[in-house]
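Notes for the one structure printed next.
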Amino acid sequence: MILGFDIGNSRTSVGIFSQLGVVPEKRFHYPTEKKFLIKKTISFIKEEIKGYQIKEAIFSCSVPELAPFYKKILISSFRLKTLEISAKLKLNLKINYQNPKKLGVDRLVNAVACLNEYQGNFLIIDLGTATTFCLVLADGSFEGGLILPGIKTSLDSLFYNASHLPKIKVTKPKEMIAKDSKGSIEAGLFYGQVSLIEGLIAKIEKKSKKKLQVVLTGGFAEFIGENLNRSVIIDPFLTLKGIKYIYDLNKVH
């Protein structure tokens, strides 16, 4: 079995894979912890993987300072052959980016997954701590994209910088034109995000002069995807699938 990690800024997702499949047999999550809290995380992971015969690990890390630490603990604490995902690996991608080493590995992983799972030209939208847009062409070219604050990040920033605002949950409001502050924030966040994403999709299609298949992943993918004015693919497993595809291209044994 293979242990795959997607280490994000806010949350780490872990998949336990068989040698043959790309969808994890088991998936679990935990908050991404800094180094001084990692002992608790190690104990949690060990409990979750109990009963699985895991020999190897592969990880994608969007928090650069944690990457060497994860590599060390996977080798020393878990005694696993370990591979860190980077632009240096075999990815079967043509990366048209000014400096591929500066490209977030989560974006590379999603691109690899799409090229293996689907057909056509893609716009991949990952709705996490940041919202990222990545344009990937059918010939395997990663053409770049956009990065903007994620939904929860935008909401947290609003409450941090403005006084006396009511706390809300991210939800679809019943009314677009609200009659109170709470409803106004809910409506602004929801309809603002939907309109932003629809608008950027349209502008990117116009700029690229291509009809794009839109693939959504990340924590808010289903919430947003169900309310867009066009057909999209919602794939909550996209990043973990990409990690397994990259493992298959670069087996550590």
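The values are calculated or read from the model by the stated rules, or taken from the named source; none is laboratory data. Fair warning: this is a prediction, and the values are worked out from it, not measured in the lab. Neighbour counts run over all protein chains shown; Cβ positions are idealised from the backbone, glycine included.
Within segment 158-191, track down each residue that is more than 27 Å from the chain's Cα centre (by Cα) and either surrounded by 14 or more Cβ atoms within 10 Å (Cβ to Cβ) or hydrophobic (A, V, I, L, M, F, W, C) (or both).
Once the filter is applied, which keeps residues that are more than 27 Å from the chain's Cα centre (by Cα) and either surrounded by 14 or more Cβ atoms within 10 Å (Cβ to Cβ) or hydrophobic (A, V, I, L, M, F, W, C) (or both), segment 158-191 yields ALA162, LEU165, MET176, ILE177, ALA178, LYS182, GLY183, SER184.
Between LEU148, LEU155, the distinction of being at pLDDT 90 or above, surrounded by 13 or more Cβ atoms within 10 Å (Cβ to Cβ), of a type in the set (A, V, I, L, M, F, W, C) and under 18 Å from ILE224 (Cα atoms) belongs to LEU148 only. Take the conditions in contact (Cβ under 8 Å) with a residue 12 or more places away in the chain, under 28 Å from GLY192 (Cα atoms) and among the aliphatic types (A, V, I, L, M) and apply them to VAL170. Does it pass? Criteria met by VAL170.
Taken over segment 116-128, the criterion of being closer than 15 Å to PHE237 by Cβ and either without any contact (Cβ under 8 Å) to a residue 60 or more places away in the chain or in contact with a Phe, Trp or Tyr (Cβ under 9 Å, 6 or more places away or on another chain) (or both) is satisfied by ASN116, GLU117, ILE124, ASP126, LEU127, GLY128.
State whether one or more residues within segment 224-232 are of a type outside the set (Gly, Ala, Ser), in a loop (DSSP other than H, G, I, E, B) and in contact with a strand residue (DSSP E or B) (Cβ under 6 Å, 6 or more places away or on another chain).
For segment 224-232, residues of a type outside the set (Gly, Ala, Ser), in a loop (DSSP other than H, G, I, E, B) and in contact with a strand residue (DSSP E or B) (Cβ under 6 Å, 6 or more places away or on another chain): present.
Of the conditions (1) crowded, with 19+ Cβ neighbours inside 10 Å; (2) closer than 22 Å to GLU226 by Cα; (3) among the aromatic types (Phe, Trp, Tyr), PHE142 satisfies every one except a single condition; which number is it? Tallying (1) crowded, with 19+ Cβ neighbours inside 10 Å; (2) closer than 22 Å to GLU226 by Cα; (3) among the aromatic types (Phe, Trp, Tyr), PHE142 fails exactly one: (2).
Residue by residue, here is whether (1) assigned by TED's automatic domain parsing to the domain that holds GLN193; (2) of a type outside the set (A, V, I, L, M); (3) modelled with pLDDT of 90 or more holds:
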{"site": "SER60", "(1), (2), (3)": "no, yes, yes"}
{"site": "VAL63", "(1), (2), (3)": "no, no, no"}
{"site": "SER77", "(1), (2), (3)": "no, yes, no"}
{"site": "GLN98", "(1), (2), (3)": "yes, yes, no"}
{"site": "LYS101", "(1), (2), (3)": "yes, yes, no"}
{"site": "ASP106", "(1), (2), (3)": "yes, yes, yes"}
{"site": "ILE125", "(1), (2), (3)": "yes, no, yes"}
{"site": "ALA130", "(1), (2), (3)": "yes, no, yes"}
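Within segment 5-32, residues that are crowded, with 17+ Cβ neighbours inside 10 Å have Cβ atoms under 7 Å from residues that are in a loop (DSSP other than H, G, I, E, B) and among the polar types (S, T, N, Q) in these pairs: ILE7/THR32; ILE7/SER62; GLY8/THR32; GLY8/SER62; GLY8/THR129; THR12/THR32; THR32/ASN9; THR32/SER10, counting only partners at least 6 apart in sequence or on another chain. Entry remark, segment 192-251: residues being surrounded by 17 or more Cβ atoms within 10 Å (Cβ to Cβ) and among the small types (Gly, Ala, Ser) number 5 in total. Note on segment 194-222: residues that are more than 15 Å from the chain's Cα centre (by Cα), assigned to a helix (DSSP H, G or I) and either more than 22 Å from THR153 (Cβ to Cβ) or not β-branched (Val, Ile, Thr) (or both) amount to 11.
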